[in-house]
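Worksheet: one structure, shown below.
The values are calculated or read from the model by the stated rules, or taken from the named source; none is laboratory data. Worth saying up front: this structure is predicted, and the values here are computed from it rather than measured. Glycine gets a Cβ as well: all are built from the backbone with ideal geometry, and neighbour counts include every protein chain shown.
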Amino acid sequence: MSDGPRWMQCPICKETIKWNIPKGALKDVERFPAAIVIKHHDHYLVCYVDSHLQLADTEVASLFIEATD
């Protein structure tokens, strides 16, 4: 897996954003692409990364809900 920062253009506000997957964060993932959620200002992006931690696809989260027990 390739560590280090990643850059992408936010599809909502068009800013260039830098993001990083913490080392070992996806070590237990069994299937790729793996979904990760990136909070950027007041919106959220769902990004899918492959087994080399390269960006495979991105979509905008329509809604953010915090679950309760």
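Regarding Val37, is this residue surrounded by 11 or more Cβ atoms within 10 Å (Cβ to Cβ) and either among the aliphatic types (A, V, I, L, M) or at pLDDT below 95 (or both)? No, not satisfied.
Within segment 26-52, the residues that satisfy the criterion of being more than 13 Å from Met8 (Cβ to Cβ) and within 12 Å of the chain's Cα centre (by Cα) are Leu26, Pro33, Ala34, Ala35, Val37, Lys39, Tyr44, Asp50. Beta carbons closer than 7 Å, at least 6 apart along the sequence or on distinct chains, pair a first residue in segment 1-25 that is surrounded by 10 or more Cβ atoms within 10 Å (Cβ to Cβ) and modelled with pLDDT under 95 with a second that is among the acidic types (Asp, Glu) and in a loop (DSSP other than H, G, I, E, B) for Lys23/Asp3. Among the residues of this structure, Ile65 counts as one that is assigned to a loop (DSSP other than H, G, I, E, B) and on the phi < 0 side of the Ramachandran plot.
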